[in-house]
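Participant: Can you keep this structure in mind? I'll have questions shortly.
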Amino acid sequence: MIEPLRKYAELIVRVGVNLQPGQPLVIGFGSRQVYPDQVPFARLLAQAAYDAGASYVHIDWGDEWWLRETVKRADLAILRQRAKWQVEWVERLAEMGAAYIAMPASDPALFAGIPRDRVEQAERAVREAFRPFDNERTSDKYRWTLASAPTQAWADAVHPELPREERFEALWRDILQASRATGEDPIADWEQHIANLKRRAAWLNGLKIHALHYRAPGTDLTIELAEGHYFEAAGHPDVQGLRFVANIPTEEVFTAPKKTGVNGTVTSTMPLNHGGSLIEGIRLRFENGRIVEYSAQKGEEALKAIIEADEGSHYLGEVALVPVDSPIAQMNRIFYNTLFDENASCHLAIGRAYPLIEGGHQLAHEDWEAHGLNDSLMHVDFMIGSPHLDIDAVLQDGRTVPIFRGGRWASEV
């Protein structure tokens, strides 16, 4: 399988972060460090980066066994200080113009049995330390991408039907298929894929949408979009005008909701693996943008920790559209990993927005709210798509246009 993995690594380096000659690269940052099972692929990424002319490749190694035991038993004040040291190095590399790759692959049961307050303290320590960096990253000051490689624990969760010795390679096959990396020329395939997503985003932008109305079992939700919003898709530029792809895979077109413009009820359709805790059956009710009621069939304490993290985590930050006939959805598999599951389903994000309004990337964070954008420590996607989902757009001129019917695009573009 080594040659397909080399092509996948080259895709991530050349299309994902669009690494330039002489540019440093960071692999792993924040809570998304590189785990032992990912070491061979991290080395392929480093090799691809040096082949592309990288001046330096930094790999931030981690270990989930160590993380679990540390969250369970350590002095968390020291963990908080460690996060500050980590971000200092990451920010120094940012000053040198680094690009960033993370490989999310957490064990869905990593923190099972550990008191929730300790998990929350550990997660907050990393989020707070990395918040200034993440604010600049999500404002596209740096080129970055999320792309993954298996761990055994993750493979065990995705493929319990297989003998354990077959699960890891099976998950690798899934990742390559989902990431459109199985063809003769994945880079050329991605250029076509990006063009297709851009065409869909342009169609949505041309409609001049005021609000989206979602209807499905357990869902009746209206989301006003931020004034001056635009729909984005894979392959947008950083502040220097160099294109990058923030997620590999990606099947979505997405935009920014108006912070105070969300009303109604929404129910999730897929499990959410958040920071080593599994949450299922999410139900949220909104009034004037704010979550005023929430529940979950499983993992409600973890959901509470997300929503009660700060004031901004009571609001939405992203609206993303993905049809149920996307290639990942057609795989008919739950990955227990948001990078993949969100690209099989329409989804919403609790917390921080991407500033997808005209001039948004130049806005100071303290000015976001005045422009309808939400800010928070959190940005947590949860999936709401299904073959029963209908979405209508209410246009700025008052007309209504069907966007989704039965979980699929209502019109060809």
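The values are calculated or read from the model by the stated rules, or taken from the named source; none is laboratory data. Only a predicted model underlies this, so the values are computations on that prediction, with no experimental measurement involved. Here the Cβ is made from the backbone with ideal geometry for all residues, glycine too, and neighbour counts use every protein chain on show. In case anyone asks, the SASA skips ligands and DNA or RNA and just uses the protein heavy atoms, side chains included. Shrake-Rupley method; radii C 1.70, N 1.55, O 1.52, S 1.80 Å.
Participant: Residues of the stretch 373-395 with amide nitrogen under 12 Å from the 7 Å Cα-to-Cβ point of ASP310?
Facilitator: 374-379
Participant: With all protein chains present, calculate the accessible area of TRP203 using a 1.4 Å probe and round the result to the nearest 10 Å².
Facilitator: My reading of the accessible area for TRP203 is about 60 Å².
Participant: Using only DSSP helix segments of four residues or longer, with each worth -39500 (n - 2.57), what per-residue ellipticity at 222 nm results for the chain after dividing by its residue count and rounding to 500?
Facilitator: Helices in the chain give a 222 nm mean residue ellipticity of -10500 deg cm²/dmol.
Participant: Percent antiparallel among DSSP beta bridges with both residues in the chain, to the nearest 5?
Facilitator: If I count the DSSP bridges inside the chain, around 80 percent turn out antiparallel.
Participant: Could you state how much accessible area SER386 has, in square angstrom rounded to the nearest 10, with a 1.4 Å probe and all protein chains kept in place?
Facilitator: Around 20 Å² of this residue is reachable by solvent.
Participant: Sticking with this structure for a sec: Bin width 5 Å, alpha-carbon pairs only: give the P(r) of the stretch 52-98 as whole percents, running from 0 to the bin holding the largest distance.
Facilitator: 5, 15, 21, 21, 15, 11, 8, 3, 1
Participant: Defining a contact as two alpha carbons under 8 Å apart and six or more residues distant in sequence, what relative contact order in percent does the stretch 1-148 show?
Facilitator: Here the relative contact order equals 32 percent.
Participant: Sort 269-275, 394-400 for me by packing, meaning the mean count of neighbouring Cβ atoms within 10 Å per residue, highest on top.
Facilitator: So the order, starting with the most tightly packed, is 269-275, 394-400.
Participant: So, one more: Once label points are set 7 Å from the Cα along Cα→Cβ at both GLU301 and GLU91, what is their separation, rounded to one decimal in nm?
Facilitator: Label-label distance for GLU301 and GLU91, simple model: 3.4 nm.
Participant: With only Lys, Arg, Asp and Glu charged, each at its Cβ (+1 for the first two, -1 for the last two), find how big the charge dipole of the chain is about the Cα centre; round to the nearest 20 debye.
Facilitator: It comes to approximately 60 debye.
Participant: Please report the Cα spread of the chain along all three principal axes, rounded to whole Å, starting with the longest.
Facilitator: Over the chain, Cα extents along the principal axes are 54, 48, 47 Å.
Participant: Could you compute the net charge surrounding ILE114? Neighbours are other residues with a C-beta less than 9 Å from the C-beta of ILE114; K and R count +1, D and E count -1.
Facilitator: That sum, taken over residues with Cβ under 9 Å, equals +4.
Participant: Write down the percent of antiparallel bridges among all DSSP beta bridges whose residues are both part of the stretch 1-179, to the nearest 5.
Facilitator: Expressed as a percentage, antiparallel bridges in the stretch 1-179 total about 10.
Participant: Separate question: Please go through the residue pairs LYS208/LYS298; LYS72/LYS298; LYS141/LYS258 and name each one whose alpha carbons sit more than 32 Å apart in this structure.
Facilitator: The pairs that break the limit, which is 32 Å between Cα atoms, are LYS208/LYS298.
Participant: Is the shape of the stretch 1-108 best called rounded, prolate or oblate, per the rule: a/c under 1.5 gives rounded, else a/b larger than b/c gives prolate, else oblate, with a ≥ b ≥ c the square roots of the Cα gyration tensor eigenvalues?
Facilitator: oblate
Participant: Once ligands and nucleic acids are excluded and a 1.4 Å probe is used, how much of ILE282 is accessible, expressed in Å² to the nearest 10?
Facilitator: Accessible area, nearest 10 Å²: 0 Å².
Participant: Stretch SER411-ASN288 to full length: gain in nm at 0.36 nm per residue minus the Cα-Cα span?
Facilitator: Result for the pair: 41.2 nm of gain on full extension.
Participant: Taking the Cβ-Cβ separation of ASP220 and TYR50 as r and a Förster radius of 51 Å, what is the calculated FRET efficiency to the nearest 0.05?
Facilitator: 0.45
Participant: Shifting gears a bit: Leaving ligands, DNA and RNA out of it, rank ARG73, ARG116 by accessible area with a 1.4 Å probe, largest first.
Facilitator: Output order, biggest surface exposure first: ARG73, ARG116.
Participant: Ok, one more. Order TYR8, TYR35, TYR50 by their accessible area, 1.4 angstrom probe, all chains in place, largest first.
Facilitator: Largest to smallest exposure gives the sequence TYR50, TYR35, TYR8.
Participant: Could you calculate the contour length gain from ARG243 to ARG173, that is, 0.36 nm times the residue separation minus the distance between their Cα atoms, to one decimal place in nm?
Facilitator: Result for the pair: 22.5 nm of gain on full extension.
Participant: Over the chain, what is the relative contact order in whole percent, taking alpha-carbon pairs under 8 Å and six or more residues apart?
Facilitator: Taking the mean separation of contacting Cα pairs over the length of the chain, I get 15 percent.
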